[in-house]
Amino acid sequence: MPGALPRAPTATIAFVPDLPIYLDHHATTPCDPRVVLNSHIDTVPPWFESSEDEEFVYGRGACDTKGVIAAMLAAGERLRADGVRDFAYLLVVGEETDSIGAKSANAAFRDLGSEYILVGEPTESNFARASKGALTCFVRFEGIAGHSAYPERGESAINKMVAAIAEINISEWGAHEVLGKATVNVGVVRGGEKPNVIPAVAECEMIFRTVSDIDEVRERLELMLAEHGGRITLARGNAPQFMVVPEGAPSTVVAFNSDIPHLGALGKPLLFGPGSILDAHGPEEKISKRELVAAVDTYAKVVAGLLGS
């Protein structure tokens, strides 16, 4: 690793065959990469240690996405042995939160000249031809504090929030012939101080898996919240994505989000990985050893095919 280059906290890119690591805008290589293999190294809490049996490797990040990265690295070794050089690795952090690593890399490496970016996520070893969009909203409700023995003298922010959440959950948020129905999950709620105090403030966080324009979803949500005394304090998201699928490869549509919306400068996207998203983020996250080994072969063949090798 060149010692003179500054260390970037959000993204690194490694070029093969000699695997020097270049950071930020200093990335150069004698063999310009036409294909970038990408995944994220951050995981969700809580952490639990790894273990294995004859069929699976267990642990936080096993399928999302440490197993994916291991398969990509092994595929790279095979490609190197076959004399394939014009590909690179891009590993980022922040995919599980705000995609800051992907956003930073997209800016730092926009002049890289790569043609394709192969993103690794657990897709059950199918290429994803499309994925739903995502809209994360932070919402605040305000009321009037008071003694709980006299509820008529105050105004409960929690009651407002509960009523709004109920309406949000029963509402339809769009449908698409390929992507299916939009969904919403209110994953965080907080508010109040004590049971004998009418709560003056309540907040919640929600994420929509969108199938239409996210601005339309946000505008509709804003109107709904206003009727219940709520407002959006922060929102971020991206539109649905459509990816490249190698000819003849099995494909699927996924509901989860990825860093693909934030990596547009690095080439046409592909989305593929071993493991199931249904195992990700859970208490028994795992990945099949057999599927891992098969993914090595798939990654190597796909990269070689994209390069015409």
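Please verify whether region 64-72 includes one or more residues that are open to solvent by 60 Å² or more (accessible area, probe 1.4 Å), touching a residue at least 60 places away in the same chain (Cβ under 8 Å), assigned to a helix (DSSP H, G or I) and not basic (Lys, Arg). I'd like the intermediate steps shown before the answer.
Within region 64-72, the subset open to solvent by 60 Å² or more (accessible area, probe 1.4 Å) is 66.
Pick out the ones that are also touching a residue at least 60 places away in the same chain (Cβ under 8 Å) and you get none.
No, region 64-72 contains no residue that is open to solvent by 60 Å² or more (accessible area, probe 1.4 Å), touching a residue at least 60 places away in the same chain (Cβ under 8 Å), assigned to a helix (DSSP H, G or I) and not basic (Lys, Arg).
Scan region 91-104 and give yes if some residue there is under 21 Å from residue 244 (Cα atoms) and assigned to a helix (DSSP H, G or I), otherwise no.
Within region 91-104 (the criterion being under 21 Å from residue 244 (Cα atoms) and assigned to a helix (DSSP H, G or I)), the answer is yes, since at least one residue qualifies.
Is it the case, given these coordinates, that residue 205 is in contact with a strand residue (DSSP E or B) (Cβ under 6 Å, 6 or more places away or on another chain), among the acidic types (Asp, Glu) and surrounded by fewer than 18 Cβ atoms within 10 Å (Cβ to Cβ)? Give the steps one after another, and end with the answer.
Numbers: in contact with a strand residue (DSSP E or B) (Cβ under 6 Å, 6 or more places away or on another chain): yes; among the acidic types (Asp, Glu): yes; surrounded by fewer than 18 Cβ atoms within 10 Å (Cβ to Cβ): yes.
Spelling it out, residue 205 is indeed in contact with a strand residue (DSSP E or B) (Cβ under 6 Å, 6 or more places away or on another chain), among the acidic types (Asp, Glu) and surrounded by fewer than 18 Cβ atoms within 10 Å (Cβ to Cβ).
Among the residues of region 111-152, write down those that are assigned to a helix (DSSP H, G or I) and in contact (Cβ under 8 Å) with a residue 12 or more places away in the chain. Show your work before the answer.
First pass over region 111-152, keeping only residues assigned to a helix (DSSP H, G or I): 151-152.
151 - this is the single residue of region 111-152 that is assigned to a helix (DSSP H, G or I) and in contact (Cβ under 8 Å) with a residue 12 or more places away in the chain.
Name the residue that is surrounded by the most Cβ atoms within 10 Å (Cβ to Cβ), counting only residues in region 156-202 that are of a type in the set (Asp, Glu) and part of a loop (DSSP other than H, G, I, E, B).
Initially, region 156-202 is screened for residues of a type in the set (Asp, Glu), giving 167, 172, 177, 193.
Then drop every residue that is not part of a loop (DSSP other than H, G, I, E, B), which leaves 172, 177, 193.
Values: 172: 7, 177: 6, 193: 11.
If we take residues in region 156-202 being of a type in the set (Asp, Glu) and part of a loop (DSSP other than H, G, I, E, B), then 193 is surrounded by the most Cβ atoms within 10 Å (Cβ to Cβ).
Considering (1) of a type outside the set (Val, Ile, Thr); (2) within 28 Å of residue 258 (Cβ to Cβ); (3) in a helix (DSSP H, G or I), say which one residue 236 fails and leave the rest.
That leaves (3) as the condition not met.
Enumerate the pairs (first residue in region 251-273 and over 11 Å from residue 121 (Cα atoms) and touching a residue at least 12 places away in the same chain (Cβ under 8 Å); second residue anywhere and crowded, with 20+ Cβ neighbours inside 10 Å and basic (Lys, Arg)) with beta-carbon separation below 6 Å, excluding pairs fewer than 6 apart on the same chain, so at least 6 apart or on different chains.
Filtered contacts from region 251-273: 255/132; 255/209.
Can you tell me how many residues in region 33-51 are surrounded by fewer than 13 Cβ atoms within 10 Å (Cβ to Cβ) and either in contact with a Cys (Cβ under 8 Å, 6 or more places away or on another chain) or among the acidic types (Asp, Glu) (or both)?
Number satisfying all stated conditions: 1.
Based on what the data block shows, is residue 232 in contact (Cβ under 8 Å) with a residue 60 or more places away in the chain, under 16 Å from residue 254 (Cα atoms), surrounded by fewer than 19 Cβ atoms within 10 Å (Cβ to Cβ) and touching a Leu at 6+ places or on another chain (Cβ under 9 Å)?
On the way: in contact (Cβ under 8 Å) with a residue 60 or more places away in the chain: yes; under 16 Å from residue 254 (Cα atoms): no; surrounded by fewer than 19 Cβ atoms within 10 Å (Cβ to Cβ): yes; touching a Leu at 6+ places or on another chain (Cβ under 9 Å): yes.
No.
Kindly indicate whether residue 239 is open to solvent by less than 30 Å² (accessible area, probe 1.4 Å), modelled with pLDDT of 95 or more and in contact with a Gly (Cβ under 7 Å, 6 or more places away or on another chain). Walk me through how you get there before you give the answer.
Values: open to solvent by less than 30 Å² (accessible area, probe 1.4 Å): no; modelled with pLDDT of 95 or more: yes; in contact with a Gly (Cβ under 7 Å, 6 or more places away or on another chain): yes.
Criteria not met by residue 239.
Among 182, 166, 81, which is in contact (Cβ under 8 Å) with a residue 24 or more places away in the chain and of a type in the set (Gly, Ala, Ser)?
Details: 166 fails: in contact (Cβ under 8 Å) with a residue 24 or more places away in the chain; 81 fails: in contact (Cβ under 8 Å) with a residue 24 or more places away in the chain.
Selected residue: 182, the only one of 182, 166, 81 that is in contact (Cβ under 8 Å) with a residue 24 or more places away in the chain and of a type in the set (Gly, Ala, Ser).
Being at pLDDT below 95 and crowded, with 19+ Cβ neighbours inside 10 Å is the filter here; which residues of region 110-147 pass it?
Hit for region 110-147 is 112, nothing else.
The values are calculated or read from the model by the stated rules, or taken from the named source; none is laboratory data. Everything numeric here is computed off the predicted structure, so don't read it as measured data. Every residue, glycine as well, gets a Cβ built from its backbone with ideal geometry; the counts of neighbours run over all protein chains shown. Accessible surface areas use protein heavy atoms only, side chains included; no ligands, DNA or RNA. Shrake-Rupley method; radii C 1.70, N 1.55, O 1.52, S 1.80 Å.
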